[in-house]
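Okay, so here's the structure we're looking at.
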Amino acid sequence: MNQDKNRDEIDLLEFFKCLWEGKMTVIMITLLFAVFSVVFALQLENYYKTDSTLMIRESSEGAGGTGLSGVASLVGINIGESSSKHSEIIELIKSRDFFKHLSGFEMVLPSLSAAKSYDSDEQTLIFDPKIYDVSRNSWIENAQGSMKPKFLDSWETYTGILSITKDNKSGFLRLEIEHLSPRFAKSFSDLIISEANSIQRNKDLLSSNEAIDYLQNELSKTSVNDIKTSIYSLITNQLEKKMLIKVHEDYLLQILDPPYIPIKKSKPGRSIICIVITLIGGLIACFYVLLRDGFFRFENR
């Protein structure tokens, strides 16, 4: 037992002895990694993140329903299905169809897929000249074809900079966009919110118009007063629904805290990167010294 203990003590002494004798090698290698980490970290571009807080509109205006839930149903909101409504909106904003709609707006696709850096002095986004020609507003053509990214690649870039989550306590939605340009991050967030509202407004407006046309057609076919009264009531409800749709610009998502132009970068954490790379360099240096000086031979004796 004592022999094993003494052997462990000897091995530990040999371990530190090897490191001490090779301390200059350890220091030099660690310094090289430290210098590399600084150079590497300084070459990384800054990213900026903006966020906004949103609420699903639940209106208590108008009539045609019984109580709050009846009125809320006029604008397509089912209070009893709040959770599913949140999930539906989150999936809508993340969907490929919605991104396809967004990508049709000017400079959205180049800003997502061809951005190279951001000039903070001029406050302009710089594009990769090998991918996108800003002067002609066109994608570069070469022997391999157009440099315009494939749709699914662009959609993956979009979902990579996008975060939309629900706060389980408050029920509010939090939308975040992270990008090289703080200005684009803010304007793109605004676009996402406005277009989500616009798409849902148009969809519900079309549905309401179709319902009114159908009810008016059925009204002309019947002569029963009770049925006519019921149809008139349904038509009134749909007209009230149309009113609520047209009144609210933020029909689907009500903005509680709007997107802003961020000042502070969200990443990279250059100090952390430098520390981690330097520590890795130190560990590699120690391992190299121990291997070079035959430390493992001492362990196997």
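The values are calculated or read from the model by the stated rules, or taken from the named source; none is laboratory data. It should be emphasised that the depicted structure is a prediction, and the values quoted were computed from it without experimental measurement. Because the Cβ atoms are built from the backbone with ideal geometry, glycine has one as well, and the counts that use them run over all protein chains shown. Each accessible area value is taken on the protein alone, full model and side chains, heavy atoms only, with ligands, DNA and RNA left out. Shrake-Rupley method; radii C 1.70, N 1.55, O 1.52, S 1.80 Å.
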task: With a Förster radius of 51 Å, plug the Cβ-Cβ distance of Ser194 and Phe287 into 1/(1 + (r/R0)^6) and report the FRET value to the nearest 0.05.
output: 0.35
Global geometry of the chain, whether rounded, prolate or oblate, following the gyration tensor of its Cα atoms and the 1.5 cut on a/c: prolate
query: How large is the accessible surface per residue of the chain, computed with a 1.4 Å probe and reported in Å² as a whole number?
result: 61
task: Multiply the residue separation of Lys264 and Phe16 by 0.36 nm, subtract the distance between their alpha-carbon atoms, and state the gained length in nm to one decimal.
output: 84.8 nm
statement: Sorted by chain and number, the residues with a modelled amide H under 5 Å from that of Tyr260, at a separation of 5 or more or across chains, are Asp51
Given Lys94/Lys150; Lys85/Lys241; Lys100/Lys150; Lys100/Lys265; Lys49/Lys166, the pairs whose alpha carbons are separated by over 23 Å: Lys100/Lys265
statement: Zone reached by a paramagnetic label modelled 7 Å from Lys130 Cα along Cα→Cβ, restricted to the range 14-44 with backbone N below 19 Å, covers 43-44
Rounded, prolate or oblate (a/c below 1.5 giving rounded, otherwise prolate when a/b exceeds b/c) for the range 89-191 by Cα gyration tensor: oblate
field: Stretchable slack from Asp153 to Val276, in nm (0.36 nm times residue separation minus alpha-carbon distance)
entry: 41.2 nm
- request: Give me the percent of the accessible area of the chain that comes from carbon and sulfur atoms, probe 1.4 Å, all protein chains in place.
  value: 57
